[in-house]
Amino acid sequence: MNNYDLIAPFYDAEHAQFSEDFDMYRNFAELCGGKILELACGSGRVLLPLAEDGYEVTGVDTSAQMLDLARQALDHAGLSNRCTLVQQDVCTLHLEQKYRLAFIALGSFAHITSRVQQKQALATIRAHLSMGGTFILDISNGDLRYMEGMSGQMLHQGTWQADDQTWLSHFVSPAASHDRHLLELTHFYDQHHQGGPVQRTVVTTHHYLFERGEIELLLEQAGFQVKDIYGDYDLAPYQLESPRLICIAEAR
């Protein structure tokens, strides 16, 4: 089973209020015009507001459960006619059209941990962009670096209450592999009603720790020209301690 099929029941409770990157994607969508491709679209967190703005968006993900959440959200908002949801792997993606804007949000690209697959994914994305099209790659920087230094500890990510009054707590235990630029995260999702027993779901994810020069080279090898590198969603210049590593690349 896809790990994000296991995470799907908890994902929106944790991320429903996160909208810090919306303005960035909306601004680039307005600048680029045309159809939009979101890779690793998940439950439709970014896809939905872009559809609300009137854009035609194709969302791609490997998780059937995440795509079901996105489909439900679009149906509820009456926006299904503006979006196409596709269950495919970005490394082998094949769609019958090209796009003016493509992006991978919130660090999802780091789940691709092998160099061969990283190159395949970027080459496939390039093949689906029109000449001069824009690709936005958002990679987590500060948070993953912090977790790398907290290897073996249990980190509380937050606690939320669902509509049915169930409480959800998310803990993460990192394990770093410095020689391979990899970070393994063991996620503990604890659900309970007040005073009741705890039901725990454990999921492990793996993340590649990218350096700036490394991702720039990969993008250039895939047929992109890197135009800008930013360190946060306000598009501040990137620094080593920046929370994000956001690459803006143009299809050559």
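With SER43, SER108, SER19 as the choices, which residue is in contact (Cβ under 8 Å) with a residue 60 or more places away in the chain, of a type in the set (Ser, Thr, Tyr) and under 26 Å from ILE248 (Cα atoms)?
SER108
Quickly run through the stretch 183-229 and pick out the residues that are more than 20 Å from CYS247 (Cβ to Cβ), part of a strand (DSSP E or B) and of a type in the set (A, V, I, L, M, F, W, C).
Listed by number, the residues that qualify are LEU185, PHE188, VAL202, VAL203.
Give all pairs with beta carbons closer than 6 Å in which a residue from the stretch 47-59 that is in the same structural domain as ASP12 (by TED's automatic domain parsing) meets a residue that is part of a loop (DSSP other than H, G, I, E, B) and surrounded by 22 or more Cβ atoms within 10 Å (Cβ to Cβ); count only pairs at least 6 apart in sequence or on separate chains.
Listed pairs, sorted by first residue: LEU47/CYS41; GLY59/CYS41.
Considering each of ALA16, ALA77, ALA51 in turn, give the residue that is at pLDDT 95 or above and surrounded by fewer than 22 Cβ atoms within 10 Å (Cβ to Cβ). First the steps, then the outcome.
Working: ALA16 fails: at pLDDT 95 or above; ALA51 fails: surrounded by fewer than 22 Cβ atoms within 10 Å (Cβ to Cβ).
Answer to the selection: ALA77.
Go through (1) without any contact (Cβ under 8 Å) to a residue 60 or more places away in the chain; (2) farther than 16 Å from GLU14 by Cα; (3) buried (at least 16 other Cβ atoms within 10 Å of the Cβ); (4) not assigned by TED's automatic domain parsing to the domain that holds GLU14 and name the single condition PHE171 misses.
Only one criterion is unmet by PHE171, namely (2).
State which residue pairs qualify: first residue over 22 Å from LEU122 (Cβ atoms) and inside the stretch 233-252, second residue assigned to a strand (DSSP E or B) and polar (S, T, N, Q) in any location, beta carbons under 8 Å apart, and separation of 6 or more residues or different chains.
PRO243/SER140
For the stretch 26-72, give me the residue count where each residue is in a helix (DSSP H, G or I) and small (Gly, Ala, Ser).
Of the residues in that region, 4 qualify.
With exposed (fewer than 15 other Cβ atoms within 10 Å of the Cβ) and modelled with pLDDT of 95 or more as the only criterion, which of GLN161, GLN120, GLN97 stands out?
GLN97
For LEU235, are the conditions met, namely being assigned by TED's automatic domain parsing to the domain that holds PHE109, out of contact with any strand residue (DSSP E or B) (no Cβ under 6 Å at 6 or more places or on another chain), buried (at least 18 other Cβ atoms within 10 Å of the Cβ) and modelled with pLDDT of 95 or more?
So LEU235 fails the test.
Which condition from (1) among the β-branched types (Val, Ile, Thr); (2) free of Cβ contacts under 8 Å to residues at least 60 places away in the same chain; (3) buried (at least 16 other Cβ atoms within 10 Å of the Cβ) is the one that ILE215 breaks?
Of the numbered conditions (1) among the β-branched types (Val, Ile, Thr); (2) free of Cβ contacts under 8 Å to residues at least 60 places away in the same chain; (3) buried (at least 16 other Cβ atoms within 10 Å of the Cβ), the odd one out for ILE215 is (2).
Scanning for something touching a Gly at 6+ places or on another chain (Cβ under 7 Å), closer than 24 Å to LYS227 by Cβ and assigned by TED's automatic domain parsing to the domain that holds ASP228, does the stretch 90-99 turn up at least one residue? Please lay out each step first, then the result.
First pass over the stretch 90-99, keeping only residues touching a Gly at 6+ places or on another chain (Cβ under 7 Å): 99.
Now narrow it down to the ones that are closer than 24 Å to LYS227 by Cβ: 99.
Filter once more, so that each one left must be assigned by TED's automatic domain parsing to the domain that holds ASP228: 99.
Yes, the stretch 90-99 contains at least one residue that is touching a Gly at 6+ places or on another chain (Cβ under 7 Å), closer than 24 Å to LYS227 by Cβ and assigned by TED's automatic domain parsing to the domain that holds ASP228.
Any idea which residue in the stretch 123-149 is nearest to HIS94 (Cα to Cα), counting only those that are of a type in the set (A, V, I, L, M, F, W, C) and buried (at least 19 other Cβ atoms within 10 Å of the Cβ)?
Here the answer is ILE125.
The values are calculated or read from the model by the stated rules, or taken from the named source; none is laboratory data. Nothing here was measured: the structure is a model prediction, and the numbers come from that model. Don't worry about glycine lacking a Cβ; one is built from the backbone with ideal geometry, like all the others, and counts go over all protein chains shown.
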